[in-house]
Amino acid sequence: MPIHIDETNQVFHIQTDHTSYVFKVLEHGVLGQVYYGKQIHVRADYANLLKREWKNTTPSYSLEDPGFQLDAIKQEYAATGTGDFRRPAYQVTQENGSRITDLKYDHYEVVQGKQRLADLPSSFDDDAQDDVETLIIHLTDAAIQLDLELQYTVFPHQDVIVRSANFKNHGVAGVTLDAALSAQLDLPDSRYDMVQFSGTWSQERHLIRTPLRSGLQAIDSVRATSSPQQNPFMMLARPTTTDDAGEVFGFNLIYSGNFLDQIEVDQWSTSRILVGINPTDFAWHLDPDESFQTPEAVLSYTDAGFNQLSQQMADFYAAHLVNSKYVKQERPILVNNWEATYFDFDDEKLLKIAKKAKSLGIEMFVLDDGWFGHRDDDHTSLGDWFVDPTKLPNGIGAFADQVHDLDLKFGLWFEPEMISIDSKLYETHPEWLIHVPERRATPGRNQYVLDYTRQEVVDYIYDLMSTVIDDTKLDYIKWDMNRYITEMYSTNLAANRQLEMAHRYILGVYQLYDRLTKAYPDVLFESCASGGGRFDLGMMYYAPQAWTSDDTDAVERMKIQFGTSYGYPQAMMGAHVSAVPNEQNGRMTSLETRANVAFYGAFGYELDISQMPDDEAAEVKEQVAFYKQHRALYQFGKLYRIDSPFEGDGNVMSWIVVDDQQNHAIATRYQILNHINAPYIRFYLRGLDPNKQYRINGGEATYYGDELMNAGLFMDKIFDEAAEVKALADYSSRRLLIDVVE
Ligand code: DGJ
């Protein structure tokens, strides 16, 4: 029983295996946050933690109750305008223009398990095997008959709590939600670092760690995608927390649109965390009897450092978010033609790549952008999902057959949310392009966005895509999204509903994903948004993998993949070996290092293998064979980060994946620049069984796990004579295969 309720004191204590989350109904029906952190015993009340001092100059609840001061209380889901001056969790504008509400506790219910949400990606507990429970707290504002349900689902064995809110208008007049966050958490102090994952196109999810300070600090998106600039995953860690030890909270949102992660440190150094849909450019009108469900926020805590947090969140996603069919399904090794050909290809050129792929052991051929309409560059044809006969004269179905005949899987690129002015679709339906009538529409990558708030758009694209999927017996879809949305307006929506547009847009996208994934359960989806621009949990629900970044340079990928790994499991990270000199930055790296980086993900190649010299092709063949042998470990093993490229001079990165039995592991240490007369290196492994003995790279010597983890390994040339020279070079990587001694 993870949810404990003391009826007398109205205390709610949610316990996971290692954490406790406690809140209570305070005076006047206000919900007060009591504690979130390492597990504590269940008690009837925690009166000591709720003691308050009267605060000068702070408004009181009433003349009769001067000591109850909302601004000085840690709350569960705070309103605005009635004495709490911190940013609120929600805001409601009413018919008379007032934004004052008074949502009071009414009752609670506990339900077993967790139902999926109807229109949003969400956590689930389909097989009801994981002791999952949901607590629903009902609050009501009697004056306007607005009801609020705060939902808390506890996933005890992954130490995760999922929160969301649902507003129901039972009144006679309409109301407008100006803000409706998914979760609020008021912590009693501010001795934390905020850890965020920020960047830009091709530099996604770089770790930034800064101490909290008085005032507001936030990351958000107003681009209508979760964005490469800021990722919705955020952590709060004590200043001493490391990958291996220390307290840390993780917050994420199962959502792909505009989000806000905000921390407000108030005058008394308490910290209010808000997670949810960004209130900027958002409002949602509720007519009588209408309701609004927020996306779900994911909260997790550990006192055992960042590695533990990442692992428990990854376990949670595997058990309760990712399509169970793909959770442990090894992902096919693919070759993608994008960086090999860009738009310049025909069936002959593609088949050469496919045949070569087959001979190297690669398992899937992915045809990227440019196969439809007359798309020879990025100005044209989006929306016209009909094959370009000048490139594939026998049709897309016949081409897919040829690939399948090679005994390769076949994958295809779509950008379903887009429209080009130069397209048949625009000729027929110019009104489907998102714009404000009579005003300039802003292009992005020479293209525009379809109005996914229109059901007919979702239906139309569904029909086109399913025709192609049927025709090609498709195995995989790369779903791209290459611009942010501007002029957010729909001629489909009433004037008082225009601020609903960004959320309605993503609901339309989710609907299409939902229909396609249900109709074609065997098609593997990979999400993409100019690389990693929509790398989030909303996408993960439908597409178990995502293209991590358009930056395929092995050195830059180290930071990108290392940063991403804090919040997302490695099987989600599409990672490919591309050509050198690298297309984007011209860097030369060895094929070995490129593969050693890309192995820690959903692995593939993105270069013209048909033109490869024989010695390189032979190396690729070996890499493919090696990866197949260790794929399950790379993709689903427990990942421990060891040396961070975000610390010190950033010259070294390393990590290790370990299997569940702690019998096999693969550690890789990457060095960016080689320094002359550099210090000796001790490499401290992680995650091994201290009492088991291991061999490294099949060598004679054996080592106890405790020695490898605590005393470390002296990194010289002993493990692999052949690697000696490479190990001394710039952009080098050393791979250690660690196997238990039988
Ligand atoms: C952006 C993606 O990230 C690339 O991998 C590629 O698919 C291009 N779009 C195609 O236009």
Per the filter on region 528-542, residues of a type outside the set (D, E) and within 16 Å of the ligand (Cβ to nearest atom) are C528, A529, S530, G531, G532, G533, R534, F535, M539
In region 565-583, how many are within 15 Å of the ligand (Cβ to nearest atom) and either within 25 Å of the chain's Cα centre (by Cα) or assigned to a helix (DSSP H, G or I) (or both)? 6
Some residue of region 46-62 being closer than 19 Å to I161 by Cα and either at pLDDT 95 or above or open to solvent by 60 Å² or more (accessible area, probe 1.4 Å) (or both): no
When region 4-34 is checked residue by residue, the ones that are within 20 Å of D141 (Cα to Cα) and either more than 35 Å from the chain's Cα centre (by Cα) or at pLDDT below 95 (or both) are Q10, L26, E27, H28, G29
Have a look at G383, G370 and point out the one that is free of Cβ contacts under 8 Å to residues at least 60 places away in the same chain and either under 21 Å from M481 (Cβ atoms) or surrounded by 15 or more Cβ atoms within 10 Å (Cβ to Cβ) (or both). G370
Elements of type strands (runs of 3 or more DSSP E) contained in region 31-150, each with 3 or more residues being among the charged types (D, E, K, R): 104-112
Residues in region 308-326 that are closer than 20 Å to Y476 by Cα and not aliphatic (A, V, I, L, M): how many? 4
For residues that are among the β-branched types (V, I, T) and surrounded by fewer than 23 Cβ atoms within 10 Å (Cβ to Cβ), tally how many sit in region 334-350. 1
Name the single residue, out of those in region 305-331 being of a type in the set (K, R) and outside any helix (DSSP H, G or I), that is least open to solvent (accessible area, probe 1.4 Å). R331
Go through the residues of region 614-629 one by one and say whether even a single one is under 27 Å from the mean Cα position of the chain (by Cα), assigned by TED's automatic domain parsing to the domain that holds P544 and in a helix (DSSP H, G or I). yes
Which numbered condition A494 misses (of (1) without any contact (Cβ under 8 Å) to a residue 60 or more places away in the chain; (2) open to solvent by less than 40 Å² (accessible area, probe 1.4 Å); (3) among the hydrophobic types (A, V, I, L, M, F, W, C)): (2)
Some residue of region 94-116 being over 30 Å from S310 (Cβ atoms), open to solvent by 10 Å² or more (accessible area, probe 1.4 Å), touching a residue at least 40 places away in the same chain (Cβ under 8 Å) and in contact with a helix residue (DSSP H, G or I) (Cβ under 6 Å, 6 or more places away or on another chain): yes
Output the residues belonging to region 598-612 that are under 14 Å from H630 (Cα atoms) and part of a helix (DSSP H, G or I). A598
Count of residues meeting criterion [in contact (Cβ under 8 Å) with a residue 60 or more places away in the chain and either hydroxyl-bearing (S, T, Y) or out of contact with any strand residue (DSSP E or B) (no Cβ under 6 Å at 6 or more places or on another chain) (or both)] in region 415-437: 3
In the list T280, T302, which residue meets the criterion of being open to solvent by 50 Å² or more (accessible area, probe 1.4 Å) and in contact (Cβ under 8 Å) with a residue 24 or more places away in the chain? T280
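The values are calculated or read from the model by the stated rules, or taken from the named source; none is laboratory data. These figures come from a predicted structure and were not determined experimentally. All Cβ positions, glycine included, derive from the backbone under ideal geometry; neighbour counts span all protein chains shown. Side chains are part of the model used for accessible areas, which takes the heavy atoms of the whole protein and leaves out ligands, DNA and RNA. Shrake-Rupley method; radii C 1.70, N 1.55, O 1.52, S 1.80 Å.
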